[in-house]
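Working notes for the structure below.
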């Protein structure tokens, strides 16, 4: 995912320059204000100024300088109260850091500083005599003040980090949603491309197989049986016109996706069977049960039947009968068997028809099998229907 805050996490020249200028002014002012408190207070102020200057560049150097300043103040019992106003910003840097180890380090440092700040009044040897109640009150007050300076700064930085994470999460979710939409659109385009390829193959392959068979028959019968040749030419004409109509429909859908597609179905099955018989195929067709009214099942059944018979016409031995069975008693079961030709056609068939049949069956949620069983080629399809098994 894209890191929205990638540039924000890296120190910019402008940010570093502002830190250096601000730290220089802070150091100068604090050194002048704490001059009367002694050298240790000035040293502590200078160390805090240096920590401010490098806070964007190196959190390690910032932490060392801030810790050294605290040690100087505690060991000399000379607190630079005004200069300590730098600690909230330093702990803000730790609390808002992108690395979890740095954030945890800042939280631990804030807790330790609060404890030390609370115990500090009890460690001062020349402190005025106080009652236990007063001592506890002073320690609690100083601990609270230290917590505000350290833990308060850390919490502010941590909240800023959380806000950035929330923004990052929203951006990641939007990018992920956009990527899912893009992949979905690509998938839809690919499915549409496959559907069009399958439709084109079914139309062209079926029509061309019928035309080729009829033209061969017409050539052989032209002199001996002119009437048979005339019938063959009529079949060729009808097949060509049907193919042109189907191709025009496909092209129209490509040009205008909103166009309602015409879905071939059961009505066209008999036309396919008649063409095959007219092409010289001894087709033995049998159908049992009640047809399902689903457009998807009707289209799939029509395409599978047409492609199976087309393959039988192109590659089968037409001297033997082709057996077609459609059974609607348990879903839709299509079985087409034909004797394999001793001299298979060598027309450059690449198997697109079988691939398309398998894809169509998968889309309809069914199973597809096709292969040689001895000297017989068999196609077996099962599609689930609303009234049958799934």
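The values are calculated or read from the model by the stated rules, or taken from the named source; none is laboratory data. Treat the numbers as computed from the prediction; the structure is a model and nothing was measured. Here Cβ is always computed from backbone atoms with ideal geometry, including for glycine, and neighbour counts include all displayed protein chains.
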Picked from the range 349-360 (must be out of contact with any helix residue (DSSP H, G or I) (no Cβ under 9 Å at 6 or more places or on another chain) and either under 22 Å from residue 281 (Cα atoms) or outside any loop (DSSP other than H, G, I, E, B) (or both)), the residue modelled with the highest pLDDT is 358
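Per-residue answers, yes or no, for (1) modelled with pLDDT of 85 or more; (2) more than 54 Å from the chain's Cα centre (by Cα); (3) surrounded by fewer than 14 Cβ atoms within 10 Å (Cβ to Cβ):
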site: 9; (1), (2), (3): no, no, yes
site: 16; (1), (2), (3): no, no, no
site: 42; (1), (2), (3): yes, yes, no
site: 59; (1), (2), (3): yes, no, no
Of the residues in the range 251-274 that are at pLDDT below 75 and crowded, with 17+ Cβ neighbours inside 10 Å, the one that is farthest from residue 217 (Cα to Cα) is 253
Item to check | Test result for residue 305, buried (at least 21 other Cβ atoms within 10 Å of the Cβ) and either over 24 Å from residue 237 (Cα atoms) or modelled with pLDDT under 85 (or both) | outcome: no
Filtering the range 312-333 for residues that are surrounded by 23 or more Cβ atoms within 10 Å (Cβ to Cβ), under 45 Å from the mean Cα position of the chain (by Cα) and either in a loop (DSSP other than H, G, I, E, B) or at pLDDT 85 or above (or both) leaves a count of 3
